[in-house]
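**Student:** Can you keep this structure in mind? I'll have questions shortly.
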């Protein structure tokens, strides 16, 4: 169980900490006056080895809160459920959601955190938590996210002018996008099943010249067809064969852009025995024929 009780309760003021808070009049004025600003980092910081860190907001917070643990341990209590937080965990607290959180007593956490304001904040919280079953995301490669937390803080530390708020907002959008991309979104699957889904995706990405069936992929993952399909769609965003077709056409675009190979040869190399079927599939996904795509000026 996470260690909630601590002899002291400290919100901030940790040695080596970094914290930037956007003045609230500036925040509200920017969100009201700049149509591009649907998301804005209102508070951002880094608390290293935050002994006795404790925050309690029984009424919630107007902003979406992101907390990334990079070292040590902590806990978060959301909707009367308590979660143990370890390195690689991202806590996502939607706006107005009552919550409390803090550092573990023995190995206090080090965290990057950000409060997100704007009309799109609640929607992004919903996207991040969709299908997760928990406000705590496990992040596969959180070093990239650390860089973006730091980029947001760097921009805001230079001032609150538009030329700093705009790139800070852009970095925040990238942070949210990579959080979604890197999350291990298999709450109802064992770690072993999660790895096997990734193996199936890896297999497809490296066998674009083949034709495969869903039962074959399920056997590779050693899962039932129904369970495999549910987990695969959650991971890739598409059913297995639809994902496979998209990857084939994506690679076809690369070949059309970078080689002079005939369309028939490209189709055959991607496992399409019928060039007409290849062209129909390409048109359905890309909105134009392969020949027109090749002729289109790009860049």
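Just so it is clear, none of the values below were taken in a lab; they were calculated from the coordinates. Keep in mind it's a predicted model, so treat the numbers as computed, not measured. Reconstructed Cβ throughout: ideal geometry from the backbone, glycine too, with neighbour counts over all protein chains shown.
**Student:** Relative contact order of the stretch 246-299, please, whole-number percent, based on alpha carbon pairs below 8 angstrom and at least 6 residues apart.
**Tutor:** Numbers: 35 pairs, mean separation 18.3, N = 54.
Computed value for the stretch 246-299: 34 percent relative contact order.
**Student:** With each label point set 7 Å from Cα along the Cα-Cβ vector, what nm distance links residue 195 and residue 296?
**Tutor:** Roughly 4.1 nm, to one decimal.
**Student:** When the chain is modelled as a GNM with alpha-carbon springs shorter than 10 Å, which of 78, 197, 266 fluctuates the most?
**Tutor:** Evaluated over the chain, the most mobile residue of the options is 266.
**Student:** Note down the nm distance, to one decimal, between modelled labels 7 Å out along Cα→Cβ at residue 233 and at residue 163.
**Tutor:** Inter-label distance under the simple model: 4.9 nm.
**Student:** Highest mean first, what order results for 8-19, 126-137 on Cβ atoms within 10 Å?
**Tutor:** On the way: 8-19: 12.9, 126-137: 16.4.
By packing density, highest mean first, the sequence is 126-137, 8-19.
**Student:** Pull out the extension gain between residue 32 and residue 279, defined as 0.36 nm times the separation in residues minus the alpha carbon to alpha carbon distance; nm, one decimal.
**Tutor:** Roughly 84.2 nm would be gained on extension.
**Student:** Okay, next question. Just check the stretch 191-295 against the gyration tensor rule for me: Cα atoms, a ≥ b ≥ c as the square roots of the eigenvalues, rounded for a/c under 1.5, and otherwise prolate or oblate depending on whether a/b exceeds b/c.
**Tutor:** Details: a/c = 2.48, a/b = 2.34, b/c = 1.06.
Taking the square roots of the gyration eigenvalues as a ≥ b ≥ c, the stretch 191-295 is prolate.
**Student:** Here's another thing I want to ask about it. Pulled fully out, how much extra length does the chain show between residue 79 and residue 96, if you take 0.36 nm times their separation in residues and subtract their Cα-Cα distance?
**Tutor:** Details: separation 17, 0.36 × 17 = 6.12 nm, distance 1.15 nm.
Difference between extended and current length: 5.0 nm.
**Student:** Further question on the same structure: Using a cut-off of under 18 Å, list every residue of the stretch 153-182 whose amide N is near the label point 7 Å from the Cα of residue 17 along the Cα-to-beta-carbon line.
**Tutor:** Hits in the stretch 153-182 for residue 17 at 18 Å: 153-154, 157.
**Student:** Please give the helix 191-205 orientation as an angle from the longest Cα principal axis of the chain, in degrees from 0 to 90, rounded to the nearest 10.
**Tutor:** Roughly 40 degrees, rounded to the nearest 10.
**Student:** For the stretch 233-297, rounded, prolate or oblate, judged on the Cα gyration tensor with a ≥ b ≥ c (square roots of eigenvalues), a/c < 1.5 rounded, else prolate if a/b > b/c?
**Tutor:** Numbers: a/c = 1.91, a/b = 1.60, b/c = 1.19.
Prolate, because a/c is 1.5 or more and a/b exceeds b/c.
**Student:** Stokes-Einstein D for the chain at 4 °C, 1.567 mPa s, Kirkwood Rh over Cα pairs, in µm²/s? The partial results should precede the final answer.
**Tutor:** Values: Rh = 21.8 Å.
The estimated diffusion coefficient comes to 59 µm²/s.
**Student:** Considering Cα pairs under 8 angstrom that are at least six residues apart, work out the relative contact order of the chain and quote it in whole percent. Walk me through the intermediate numbers first.
**Tutor:** Working: 511 pairs, mean separation 42.7, N = 299.
Reported as a whole number, the value is 14 percent.
**Student:** Sticking with this one: Using Cα-Cα distances under 8 Å and only pairs 6 or more residues apart, what relative contact order does the stretch 191-295 have, in percent?
**Tutor:** Numbers: 87 pairs, mean separation 24.3, N = 105.
Averaging sequence separation for qualifying contacts and normalising by length gives 23 percent for the stretch 191-295.
**Student:** In vacuum, with every alpha carbon of the stretch 37-186 counted as one equal point scatterer, what does the Debye formula give for log10 I(q)/I(0) at q = 0.18 Å⁻¹? Two decimals, please.
**Tutor:** Here the Debye-derived log intensity ratios amount to -1.05.
**Student:** Let me ask something additional. Need one number: % antiparallel among DSSP beta bridges in the chain, to the nearest 5.
**Tutor:** On the way: 40 of 42 bridges.
Counting DSSP beta bridges with both partners in the chain, the antiparallel share is about 95 percent.
**Student:** Okay, next question. Going by C-beta contacts inside 10 Å, put 162, 113 in order with the fewest on the left. Write out the running numbers ahead of the final one.
**Tutor:** Values: 162 13, 113 19.
Listing 162, 113 from fewest to most nearby Cβ atoms yields 162, 113.
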